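As structure tokens, the structure follows; a few thoughts come after it.
The values are calculated or read from the model by the stated rules, or taken from the named source; none is laboratory data. Here the structure is a predicted model, which means the values were calculated and not measured. Methodologically, a virtual Cβ is constructed for each residue, glycine included, from the backbone with ideal geometry; neighbour enumeration extends over all protein chains shown. The accessibility values were calculated without ligands, DNA or RNA, using every heavy atom of the protein model including side chains. Shrake-Rupley method; radii C 1.70, N 1.55, O 1.52, S 1.80 Å.
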Amino acid sequence: MKNHIYKLFIAISISLIFIGCDDFLTTVPESSYSVDGAYQSQSDFEYAIAAVYAAQQSLCSSASSWLRLIITRSDDTRNGANYTYGVDQFTDGDDVSTLASGWQILWQMINRSNVILDKIDDIEFEDADLKNYIKGEAYTLRAWAYYTLAWQFGGMPLIETELSVAETKTLARSSQKETFAFAEADYKKAIELLPDSWSGDDLGRVTKYAAEGGLARIYMFQSDFSSAKPYLSDIINSGLYVMEPDYVNCFTDSHDNGQERVWEIQFSGNLSGEGQAFATGWLPEGYTDAVLMPFSGYSAAMYVSLDMANAYEDGDLRKDISIVSNLTVSGTVESKYCYVLKYCHYDDYTPQSQSDWANNIPVLRYTDVKMMYAECLNEEAYVADGEAFNIINAVRDRAGLAPLTSATVPDQDSFRQALIKERRVEFAFEGLRWNDLVRWGIAQEVINANFQTEDEGAGTYSMDGDYREIFAIPYDELSRYDDESVMWQNPGY
């Protein structure tokens, strides 16, 4: 998809022709757009599905993006950074612009997918398989958007067809559980339609196994381990994926769309306009040594929390790949705190500007598939030195760490705690930590313990209730509805 991605720029430019009103419930006159003449050929739908990918891309392409904000919600980074709007200190409300932007982009993905699914069966394709694949991609991307909205904001209006703004305003929010079920059904449809793999210019498009991984995540979030397990097993048994032998290559641009990458968001350099600035945003403005990257970072940079830095065991090879200390910033060595380095590894293409990184951003790594599977095995039944141990020990071996044994991890709960610890260091800064804390039911306990440390405010801040496991519905969205029986604010906000 590195070459295919050039279609994204074109797709963005013409997406208003295809989609019309993209921002969810943006009140523009419906007569201001038209889809007459669009969606008449196979190539139209190829551009249309590229526009759905483009929307997902925009969630993590900038230095102050939605993905960055989700990372700051966890205990991985120090609270008080720029452009976090209180999300990291749990003082946020309904006026966080980045969350509002994320909401709108996720609804763009849903709307664009709906139009494709509404119209595609009316058009004859030169390639019948491609028609099914595009339908599968639309179902997958719609499912991912609904799942993301549901775990972050709660239940959503469930819309599976193209509607006018007026029609949309009549559909009330469903429950979070119902929204998950809607996404689950989409993923199951996608699994039946998508190919096992893509090749050539199409590398990076979602596959059957990406959809299976997305579906497994829905089940994992709901602690439905028995439903998640067969989908994770199918990915493992496909034979298409292996863990990268070298941890750094889980993130290096030369290994984009490689054996570790089940699903990732595509970027391309060469000053094409399809690069990302997400990597730049982790290193600070004033860093000009040109060792880690050939330009200065941004003021959006934040420190790694001391708790996160101390979570690595001695000798863990992942630490120096994920974080960096003793940077010289504006002539001063920062010796106390670390910065995030994980996304700044490149050996194929050297970015030419702050927004020209060609590194893809992971959605689902194969190591995560394996670790979720190990979690399912342990929740099913603890087996001393069994398969779940083999999986976690393979992860630890790649990190240069000694294996766990039943002598030190003697029961189900101790294995669960070991897995919680291992997931934190393996997936640090990948946007999974906050999701994990919520689904494990330990978010408030972990966050408030972190806030008690001197570096995090010594009790100045707190997660003041489990209502903060989801965010406030953005004020602009409530205003567009102006009907609390249809769209209401989440309790506590």
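Here is how the numbers come out for the structure above:
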{"item": "Accessible area of segment 438-493 belonging to carbon and sulfur atoms, whole % at 1.4 Å probe", "result": "44"}
{"item": "Three-way shape label, segment 343-493, alpha-carbon gyration tensor, a/c 1.5", "result": "oblate"}
{"item": "Sites Asp483 and Lys177 - FRET efficiency at Förster radius 22 Å, r taken between beta-carbons, to 0.05", "result": "0.45"}
{"item": "Principal-axis tilt of helix 6-19 within the chain, Cα atoms, nearest 10 degrees", "result": "50"}
{"item": "Segment 102-171, accessible surface, carbon-and-sulfur percent (1.4 angstrom probe)", "result": "39"}
{"item": "Percentage relative contact order, the chain, counting C-alpha pairs under 8 Å, at least six apart", "result": "19"}
{"item": "Share antiparallel - DSSP beta bridges, the chain, percent rounded to 5", "result": "90"}
{"item": "Separation between Cα centres of segment 202-227 and segment 298-343, rounded to whole Å", "result": "31"}
{"item": "Trypsin sites (Lys or Arg not before Pro) lying in DSSP loop within segment 325-369, provided at most 15 other Cβ fall within 10 Å", "result": "Lys336"}
{"item": "Accessible surface, per residue, of the chain when the full set of protein chains is kept, probe 1.4 Å, Å²", "result": "37"}
{"item": "Gln352 paired with Ile123, simple spin-label distance in nm, labels 7 Å along Cα-to-beta-carbon", "result": "3.3"}
{"item": "Value at 222 nm in deg cm²/dmol, rounded to 500, when DSSP H runs of n ≥ 4 in the chain each add -39,500 (n - 2.57)", "result": "-13500 deg cm²/dmol"}
{"item": "Value of relative contact order over segment 52-198, rounded to a whole percent, pairs C-alpha under 8 Å and six or more apart", "result": "22"}
{"item": "P(r) of segment 71-194 over all Cα-Cα pairs, binned every 5 Å from zero, in whole percent", "result": "2, 10, 16, 19, 17, 12, 10, 7, 3, 2, 1"}
{"item": "Cα shape, segment 186-249, gyration tensor, a/c 1.5 rule", "result": "oblate"}
{"item": "Percent carbon-and-sulfur accessible area, segment 228-321, ignoring ligands, DNA and RNA, probe 1.4 Å", "result": "48"}
{"item": "Interatomic Cα distance distribution for segment 177-221, bins of 5 angstrom, percent", "result": "5, 24, 28, 19, 13, 7, 3, 1"}
